Each structure stands twice: as structure tokens, then as C-alpha cells.
């Protein structure tokens with residue numbers, strides 16, 4: 001458990017306390033990433049269950065540390081050295097762009113891509129910050145379509161909706177509309193070229209945590225799924241996530257709201273989405 005710090009008293013001590021909290025936050029995040037990677041490679045059910053319990057505990061500790069950091073950062077005497085990345089990290093004003101990529105090739109199980117896209121659009125359209133968001137959609141996406149869309153649209157958030165195949169990659173389409181697997185390494189090499197532009201990547205597909213871990217070497221925040229996720233849970237997560245961003249909240253908060261939205265609808269898949277911060 002992280003040390004307890006009092007934020008009441010001599011304000012000159014606050015920067016030192018803040019640094020300690022941030023260092024501890026980084027240590028916890030690194031431990032979380034290690035445990036998540038271990039869970040992926042372990043096949044023994046007992047070991048995986050133990051790792052899941054440890055992951056929950058670490059996530060709880062991270063949330064507590066984040067709350068303490070937020071308290072200190074709101075005090076006028078404190079100059080923060082590191083703040084959570086929000087959707088407005090690139091510019092204080094201007095349009096924030098979301099690129100929605102969808103793929104459901106021939107021969108794969110149908111997924112409700114149009115419903116997910118519609119609900120995200122609707123949420124952003126009626127949000128408090130609706131004038132600060134622009135959404136571009138690319139359906140039936142082939143690998144080359146991804147790089148072209150990034151070059152043309154210059155997105156701050158990339159959202160993939162479709163199938164994941166674990167270690168094999170994410171399922172895009174080839175020129176014939178058939179499945180085309182793209183590895184996490186391939187996606188990471190592309191996104192790394194735009195790391196100063198892209199704040200967050202959301203991989204809303206089954207078993208996409210594998211790719212998320214690789215992409216997180218270059219991008220501030222990446223969200224993946226640690227197992228199969230149902231259509232309804234995937235949609236509710238996406239809606240909650242973008243509703244929060246549309247209300248001006250940070251990516252961390254939006255992730256939490258997305259998980260909460262799954263649970264609010266009575267779906268026991270709220271632990272499936274995993275938020276992975278930049279791995280320095």
C-alpha cells in the first residue's frame with residue numbers, strides 16, 4: 001500500500017509530497033503492466049485468478065493515489081510536474097478529432113458496429129463540448145486505410161471496433177473483404193510515427209489487450225480488452241467513455257465511467273476493459 005500523506009499544513013511541503021505521490025503512481029502503473037502481461041501468458045486457472053485479484057488491488061491503489069494527486073494539484077500553491085492527460089492535451093482550444101475504424105469481414109461473427117458508431121455520435125452531438133469534437137468514420141477498413149485516414153484526418157483519438165484474435169492480431173479486411181490479421185507490432189510502428197498527435201487508442205475488440213500493451217510503448221493511453229467482450233458491453237463502454245470526454249473529463253475518468261456504464265446495465269464485464277498508460 002502506498003504511504004499516507006497529509007495535505008494540510010505547510011504548503012511549501014506540497015510539491016515534495018506531490019513528487020512522492022507521482023513516483024509511487026508510476027511504480028504502481030509499472031507493476032500493473034507487469035501483472036497484466038503475466039496474466040496473458042499464464043494458462044493455469046489458479047494462477048490467473050490470483051493475478052486477477054492482485055490486479056484489482058493495484059488498480060484500487062492507483063485510484064487512491066490519483067485522488068491524492070488531484071487534491072494537491074488543485075491547490076494554488078502547487079505547481080504540478082505531471083498531470084493526467086485529457087482530451088485537450090494538444091491544444092487549449094480547437095477541435096479534437098476522433099477516428100472511428102470498423103471492420104467486420106466476410107466469414108466473421110457479425111458485430112453491432114453501426115449501433116456503436118451511432119451511439120458515440122449521438123453522445124458527442126449532445127455533449128457540453130460538442131463544438132470541440134469531430135468524428136470521422138472508416139468502415140470495412142483495410143490496413144492501408146488506417147495510415148491514409150491518420151494522414152488525412154490527423155486524429156487525437158483512434159477507436160477500433162471489430163474482432164481481436166489475441167496474439168495473432170486485430171482483424172481488418174483485405175481487398176476481397178476477407179479477414180486480414182494485423183499484429184500489435186505493426187500497429188505500434190504506425191502509431192509511433194504520430195505519437196505527438198495521438199492521445200489515446202481504444203481497441204474495442206476481444207482479446208485486444210495484447211496489442212494495447214505493445215502500442216502503449218508509444219501512445220499516452222491505450223485501452224484494450226483482456227478477454228472476449230459482448231456487443232452490448234462493448235457499446236456501453238464506448239458510450240460511457242465518449243460521454244465523459246464530451247463533458248470535458250480526462251481519459252482516466254472516461255475509462256472509469258465506461259467501465260461503470262457496463263455494470264450499470266447489469267453486465268458483469270466491467271473488468272474486461274484495461275487502461276494502459278504510456279510505457280516509458
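The values are calculated or read from the model by the stated rules, or taken from the named source; none is laboratory data. The structure presented is a predicted model; accordingly, all values stated were derived computationally and were not measured. Cβ: placed from backbone, ideal geometry, glycine included. Neighbour counts: every protein chain shown.
If you go through the range 139-155 and keep only what is part of a helix (DSSP H, G or I) and either within 16 Å of residue 179 (Cβ to Cβ) or outside the structural domain of residue 204 (by TED's automatic domain parsing) (or both), you end up with 143, 144, 145, 146.
Candidates 224, 258, 230: the one that is in contact with a strand residue (DSSP E or B) (Cβ under 9 Å, 6 or more places away or on another chain) and over 22 Å from residue 65 (Cβ atoms) is 224. A single member of 205, 246, 224, 230 is out of contact with any helix residue (DSSP H, G or I) (no Cβ under 9 Å at 6 or more places or on another chain) and assigned by TED's automatic domain parsing to the domain that holds residue 159, and it is 230. In the set 43, 65, 111, 78, only one residue is crowded, with 17+ Cβ neighbours inside 10 Å, modelled with pLDDT under 75 and out of contact with any strand residue (DSSP E or B) (no Cβ under 6 Å at 6 or more places or on another chain); that residue is 78. Scan the range 262-278 for residues that are in contact with a helix residue (DSSP H, G or I) (Cβ under 6 Å, 6 or more places away or on another chain) and within 17 Å of residue 200 (Cβ to Cβ) and the total you get is 5.
Out of curiosity, is residue 17 over 24 Å from the mean Cα position of the chain (by Cα), surrounded by 15 or more Cβ atoms within 10 Å (Cβ to Cβ) and at pLDDT 70 or above? So that I can check it myself, show each step before the final result.
Details: over 24 Å from the mean Cα position of the chain (by Cα): yes; surrounded by 15 or more Cβ atoms within 10 Å (Cβ to Cβ): yes; at pLDDT 70 or above: yes.
Criteria met by residue 17.
Does the range 191-199 include one or more residues that are touching a residue at least 60 places away in the same chain (Cβ under 8 Å), under 13 Å from the mean Cα position of the chain (by Cα), under 26 Å from residue 26 (Cα atoms) and outside any helix (DSSP H, G or I)? Yes; the residues of the range 191-199 include at least one that is touching a residue at least 60 places away in the same chain (Cβ under 8 Å), under 13 Å from the mean Cα position of the chain (by Cα), under 26 Å from residue 26 (Cα atoms) and outside any helix (DSSP H, G or I).
Taken over the range 99-138, the criterion of being without any contact (Cβ under 8 Å) to a residue 60 or more places away in the chain, in a loop (DSSP other than H, G, I, E, B) and under 21 Å from residue 194 (Cβ atoms) is satisfied by no residue.
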